[in-house]
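The values are calculated or read from the model by the stated rules, or taken from the named source; none is laboratory data. All values reported here derive from a predicted model rather than from experimental measurement. Virtual Cβ from ideal backbone geometry, glycine too; neighbours counted across all protein chains shown.
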């Protein structure tokens, strides 16, 4: 089992940002010591009420953590591409890939938050979902072109590079390179630097729970980051991905390979303590997600498994009981959490967990204690030594 963490700690508005960054780094350092593979960072913006005021720039966070953790990979989960200028992303992400000497994973998504995205770019208005999807796809196309072509051009719906009509006037560049300039000096193709350290570029991950996106990722040889879902819904995404990737690579790809599953968890000192601690924060977190798509995939209906119908009992449940009933969140003591992970591994081939504790309002000491219980009592059951075992061997 591969273990990663979503290092998106959002404690609320009462904690200074400098302290928040210390907390994130502490969790990442412990995860590195426990043998985790990657720390992933997302982006949230304009949290005036203090809720989900997670760091707004995942590339900056990856740079910060990678400078302190020498083995841990860092990744973006995701960069909301429609909100960014694609050439800036290409440059900044390639810089991080070079700074880490290839310890970087490039995760992207279309995004869901209507309030924030329109502030960055009018074309990113989520109320026109089809348009935003086209912008997202075009932005990713530009970034990959910039990383893999010495001289690239792009003519799309939203961007044109180079911008037409500009002619080189700086005599330093004489004689003009015909790859980049026409005979009259007009700028006709671009070179973006730095080139990525990874060849041909950092691993690409699409963030989605939609079967067509899984199929596309498999066809392109990319990974997929998904949110935890019911077993039938999970397999409905994983199977087309497996088939497409198998065809691309000319081998039989194992079900679950190439897919990371974001899973909200908490390891308590007892079942009662775990449930009492996390029920309210889970309810608030999923209300936040549901509010981002009040008629869409983040409502309770969006978490029903394939063929499953909403019951009156489901309607009455709070988010915690609704999700816990379906195994979409994993909250309990260490034995319970390990059993749930093993069950998913055995039944659907789960091979890559991306664990998150994005619980505003939970004391940091409890978050840290949950990580320690996971590292000491859960992770070792899947073939990784605990931190305590490693320290004993180091001092033997």
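In region 56-76, the residue that is modelled with the lowest pLDDT out of those that are surrounded by fewer than 23 Cβ atoms within 10 Å (Cβ to Cβ) and part of a loop (DSSP other than H, G, I, E, B) is 56. In summary, residue 103 fulfils each of the numbered conditions (1) surrounded by 20 or more Cβ atoms within 10 Å (Cβ to Cβ); (2) under 30 Å from residue 382 (Cα atoms); (3) outside the structural domain of residue 142 (by TED's automatic domain parsing); (4) over 12 Å from the mean Cα position of the chain (by Cα) with the single exception of condition (3). As a summary of the residue check, residue 46 satisfies the conditions (1) modelled with pLDDT of 95 or more; (2) closer than 21 Å to residue 16 by Cβ; (3) in contact with a helix residue (DSSP H, G or I) (Cβ under 7 Å, 6 or more places away or on another chain) except for the one numbered (1). Any chance region 137-155 includes a residue that's under 30 Å from residue 306 (Cα atoms) and either in the same structural domain as residue 104 (by TED's automatic domain parsing) or out of contact with any strand residue (DSSP E or B) (no Cβ under 7 Å at 6 or more places or on another chain) (or both)? For region 137-155, residues under 30 Å from residue 306 (Cα atoms) and either in the same structural domain as residue 104 (by TED's automatic domain parsing) or out of contact with any strand residue (DSSP E or B) (no Cβ under 7 Å at 6 or more places or on another chain) (or both): present. Hey, could you check region 315-325 for residues that are under 24 Å from residue 350 (Cβ atoms) and touching a helix residue (DSSP H, G or I) at 6+ places or on another chain (Cβ under 7 Å) and say which is surrounded by the fewest Cβ atoms within 10 Å (Cβ to Cβ)? The extreme case among them is 320. Taken as a whole, region 10-21 holds no residue that is buried (at least 17 other Cβ atoms within 10 Å of the Cβ) and either modelled with pLDDT of 95 or more or in contact with a strand residue (DSSP E or B) (Cβ under 9 Å, 6 or more places away or on another chain) (or both). Just give me the residues in region 303-358 being part of a loop (DSSP other than H, G, I, E, B) and either within 25 Å of residue 268 (Cα to Cα) or not assigned by TED's automatic domain parsing to the domain that holds residue 275 (or both), in sequence order. 317, 318, 326, 327, 328, 329, 333, 350, 351, 357, 358, listed by residue number.
One residue stands out among those in region 106-136 that are in contact with a strand residue (DSSP E or B) (Cβ under 6 Å, 6 or more places away or on another chain) and either touching a residue at least 60 places away in the same chain (Cβ under 8 Å) or part of a helix (DSSP H, G or I) (or both): the one that is surrounded by the most Cβ atoms within 10 Å (Cβ to Cβ), which is 106.
This table checks each residue for (1) touching a helix residue (DSSP H, G or I) at 6+ places or on another chain (Cβ under 9 Å); (2) buried (at least 20 other Cβ atoms within 10 Å of the Cβ); (3) at pLDDT below 95.
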site	(1), (2), (3)
248	yes, no, no
252	yes, no, no
271	yes, no, no
283	yes, no, yes
291	no, no, yes
301	no, no, yes
330	yes, yes, no
338	yes, yes, no
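Scanning region 77-96 for residues that are part of a loop (DSSP other than H, G, I, E, B) and touching a residue at least 60 places away in the same chain (Cβ under 8 Å) turns up 77, 78. Only one entry of 261, 331 meets the criterion of being farther than 20 Å from residue 363 by Cβ, under 22 Å from the mean Cα position of the chain (by Cα) and in contact (Cβ under 8 Å) with a residue 60 or more places away in the chain, and that entry is 261.
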